[in-house]
Amino acid sequence: MAETILLEIVTPTGVALREQVTDVTAPSVAGEFGVLPGHLPLLAALRTGLVTYHKEGREHRLAVHHGFVEVAADVALLLTERFARAEDVDVVKTRMRLKEVDEELDHWHGELTDPRRRELIEEEQWLATELELIGDPPPPMVREDTRFLVNHAEPPPEEELAASSQPDESLTDHKSPGSAFPDTK
């Protein structure tokens, strides 16, 4: 088994990073995950956040935008829209732009599913990640990503909600003989 994995980060402009590393931690839409040599094949959607890896005993951190990651045969390939190292971040420009984006989102009066709003949320996430990369994170802010909202969605009828809140006794065996949860009445 190999002792390292090849970490490749590719953006629309080309290969941004290619390093032999001992491990990688990356952000996915399902949560953060780690990769060691010999990892099983994996395909995941990246979310904007920090990638951490170790090389020759030293920890390195990078910022990545959303994208995809594939792990196979001791290669971790990250395809992402953006990539930054700490030395790439201009803290003054980043903070100024974050303030502008936050103000525009705070005063948003358009549709929640408007593509411009989604772009602003993604930019806000990227700017916050860049600041986190240099150890100067902004206050936590949660804005919902409306990318998957249906344009005229309505809540289910109350009868449907009430019916789904009742357990279906036919799907449980907690009262049957030998069950770990016998009926104690």
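Let's see how each residue does on (1) open to solvent by less than 70 Å² (accessible area, probe 1.4 Å); (2) farther than 26 Å from D136 by Cβ; (3) modelled with pLDDT under 95; (4) of a type in the set (S, T, N, Q):
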{"site": "L17", "(1), (2), (3), (4)": "yes, no, no, no"}
{"site": "V35", "(1), (2), (3), (4)": "yes, yes, no, no"}
{"site": "E70", "(1), (2), (3), (4)": "no, yes, no, no"}
{"site": "E111", "(1), (2), (3), (4)": "no, yes, yes, no"}
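Is one or more of the residues making up the range 47-55 small (G, A, S) and either farther than 24 Å from L131 by Cα or surrounded by 18 or more Cβ atoms within 10 Å (Cβ to Cβ) (or both)? Looking through the range 47-55, at least one residue is small (G, A, S) and either farther than 24 Å from L131 by Cα or surrounded by 18 or more Cβ atoms within 10 Å (Cβ to Cβ) (or both).
Tell me whether the range 36-48 contains one or more residues that are in a helix (DSSP H, G or I) and in contact (Cβ under 8 Å) with a residue 24 or more places away in the chain. No; the residues of the range 36-48 include none that is in a helix (DSSP H, G or I) and in contact (Cβ under 8 Å) with a residue 24 or more places away in the chain.
Has the range 101-108 got any residue that is in a loop (DSSP other than H, G, I, E, B), at pLDDT 85 or above, exposed (fewer than 10 other Cβ atoms within 10 Å of the Cβ) and not charged (D, E, K, R)? Yes, there is a match, as at least one residue in the range 101-108 is in a loop (DSSP other than H, G, I, E, B), at pLDDT 85 or above, exposed (fewer than 10 other Cβ atoms within 10 Å of the Cβ) and not charged (D, E, K, R). Of all the residues in the range 94-128, those that are among the aliphatic types (A, V, I, L, M), touching a helix residue (DSSP H, G or I) at 6+ places or on another chain (Cβ under 9 Å) and without any contact (Cβ under 8 Å) to a residue 24 or more places away in the chain number 1.
The set of residues from the range 72-89 being without any contact (Cβ under 8 Å) to a residue 60 or more places away in the chain and either farther than 27 Å from P138 by Cβ or of a type in the set (F, W, Y) (or both) comprises A72, A73.
Among the residues making up the range 64-79, a single one is under 15 Å from the mean Cα position of the chain (by Cα) and over 18 Å from G31 (Cβ atoms): L79.
Could you please find all residues in the range 54-80 being of a type in the set (K, R) and over 30 Å from R118 (Cα atoms)? Once the filter is applied, which keeps residues that are of a type in the set (K, R) and over 30 Å from R118 (Cα atoms), the range 54-80 yields K55, R58. Pick from A26, A63, A76: which is open to solvent by less than 20 Å² (accessible area, probe 1.4 Å), under 17 Å from E122 (Cα atoms) and at pLDDT 95 or above? Answer to the selection: A63.
Summed over the range 46-60, the residues that are of a type in the set (A, V, I, L, M) and either modelled with pLDDT under 95 or under 15 Å from T11 (Cβ atoms) (or both) give a count of 2.
The values are calculated or read from the model by the stated rules, or taken from the named source; none is laboratory data. Please read all numbers here as calculations on a predicted model, not as lab measurements. In this analysis, Cβ positions are derived from the backbone assuming ideal geometry, glycine residues included, and neighbour counts consider all displayed protein chains. Protein only, heavy atoms only, side chains kept; ligands, DNA and RNA dropped before computing areas. Shrake-Rupley method; radii C 1.70, N 1.55, O 1.52, S 1.80 Å.
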